[in-house]
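Just so it is clear, none of the values below were taken in a lab; they were calculated from the coordinates. Worth saying up front: this structure is predicted, and the values here are computed from it rather than measured. Positions of Cβ are backbone-derived with ideal geometry, glycine not excepted, and every protein chain shown enters the neighbour counts.
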Amino acid sequence: MATAPGITGEKIWLDGALVDWDDAQVHILTHTLHYGLGVFEGIRCYRTDDGRSAVFRLAEHVDRLYESAHINLMEIPFGREELTEAILETLRANHLEEGYIRPLVFIGEGAMGLNPADNPVRVSVIVWPWGKYLGEEGMERGIRAKVSTFSRHFVNAKMTKGKTCGDYVNSILAKREALLDGYDEAILLDTQGLVSEASGENVFVVRRGELRTPPLQTVLDGITRASIMEIAREKGIPVVETAITRDELYTADEVFLTGTAAEVTPIREIDHRTIGAGRRGPVAKTLQDAFFDAVGGRDPKYAHWLTTV
Ligand code: PPE
């Protein structure tokens, strides 16, 4: 069967071995396909200045994958070291120097219905080239965002510390609404009306030189978020985790998003309000540059974040 147009590559790691890209197929009874219970990660690898290639914060991403599985009562039938090696092996098999890595843990066929306890837990690792998630231009000029009409799930409905497949229906609804309405990205409020996160990114606000981001309650514990907070503190920029309201976005000096796919993407406009000077602000620029130095192996302070492929 031919692969759909879009991403393609040579090999996919599936349940313990590399298989040809087009052979990585699943049965229609695959449980995750019906009910959305699966977990995944998004990881990037970058070409580094020494001509090699390195994965950014691989151990943290692998740990979060196991935590997501644990939250969802799924037991991954491979050890962390084995899966880490599988990721590196898949990168090498696809000769991918720079790109995106998608480990996916899903429930295979067996019983239908809401008790998949005896169904097999299956694991796959897919890699592909992925450029700037919100556009090359957006990285420099900033993007336009909309506060979504969809709320982020209540925290006792969406387990926010897990990257669970089905939870992304909420993100897709928000993202598509934003795009159809002519924006680039959606920012979701939680059920109390406080800023939570974007469809696939954490949100940061700069106000009078201070960097602010919502606390972890209603958001994913983003690995880029943690990295940016660490880089900012190291640069002497004060960082606080605090509740942020919608109008605080409008009056911020700067707003930007962080995520593995989105990296550090500035926002120039939200709901037709210009943010700050209406372009990438100085703090976003500083942090973006520092982030790309770290992932590209140009800052020895963060060399421990890189795993050479
Ligand atoms: N919040 C959400 C809801 C989210 O999905 C992501 C990552 C983040 C925050 C940032 O987390 P981190 O990547 O650890 O900094 N979103 C992933 C999925 C993107 C996609 O389109 O698929 C990602 O960036 O890989």
Seminar exercise, completed: In nm², the average projected area of the convex hull spanned by the Cα atoms of segment 11-128 is 7.1
Exercise. Using a simple spin-label model with points 7 Å from Cα along the Cα→Cβ vector, what separation in nm is obtained for Val240 and Trp130?
Worked result: 3.3
Problem set entry | Within the chain, helix-based [θ] at 222 nm, where runs of 4 or more DSSP H residues each add -39,500 (n - 2.57), nearest 500 | -8000 deg cm²/dmol
Problem set entry | segment 24-122, relative contact order [Cα under 8 Å, separation at least 6], % | 40
Exercise. Relative contact order for segment 195-244 using alpha-carbon pairs under 8 Å, separation at least 6, rounded to a whole percent?
Worked result: 42
Exercise. How big is the C-alpha Rg of segment 136-295 next to the rule-of-thumb value 2.2 N^0.38 Å, as a ratio?
Worked result: 0.95
For this session: Would you mind checking segment 131-162 for residues with the amide N under 15 Å from a putative spin-label position 7 Å along Cα→C-beta of Ile7?
Result: 131-134
For this session: Select from Lys175, Lys161, Lys132 the residue whose mean-square fluctuation is largest in a Gaussian network model of the chain (Cα-Cα springs shorter than 10 Å).
Result: Lys132
Seminar exercise, completed: By the Cα gyration tensor axes a ≥ b ≥ c (a/c under 1.5 gives rounded; else a/b larger than b/c gives prolate, otherwise oblate), the shape of segment 245-309 is prolate
For this session: Mind checking the full-extension length gain between Asp221 and Lys301? Use 0.36 nm per residue of separation minus the Cα-Cα distance, one decimal, nm.
Result: 26.6 nm
Seminar exercise, completed: Answer in debye to the nearest 20: the dipole magnitude of the chain about its Cα centre, from +1 Lys/Arg and -1 Asp/Glu charges placed on Cβ, is 860
Exercise. Restricting the count to DSSP beta bridges whose residues both fall in the chain, what percent are antiparallel, rounded to a multiple of 5?
Worked result: 85
Problem set entry | Reachable aspartates and glutamates from Lys235, criterion Cα separation under 20 angstrom, eight or more residues apart if same chain | Glu210, Asp253, Glu254, Glu263, Asp289, Asp293, Asp299
For this session: Answer rounded, prolate or oblate for segment 20-62, using the Cα gyration tensor with square roots of eigenvalues a ≥ b ≥ c: rounded when a/c is under 1.5, else prolate when a/b is larger than b/c, else oblate.
Result: oblate
Seminar exercise, completed: Once the mean of 1/r over all distinct C-alpha pairs in the chain is inverted, the Kirkwood radius in Å reads 20.2
For this session: Before anything else, pin down the relative contact order of the chain: Cα pairs under 8 Å, at least 6 apart, normalised by residue count, whole percent.
Result: 20
Problem set entry | Whole-angstrom gap from segment 210-276 to segment 67-116, using each part's C-alpha centre | 29
Exercise. Give me the Kirkwood hydrodynamic radius of segment 1-80 in Å, from all C-alpha pairs, to one decimal place?
Worked result: 15.3
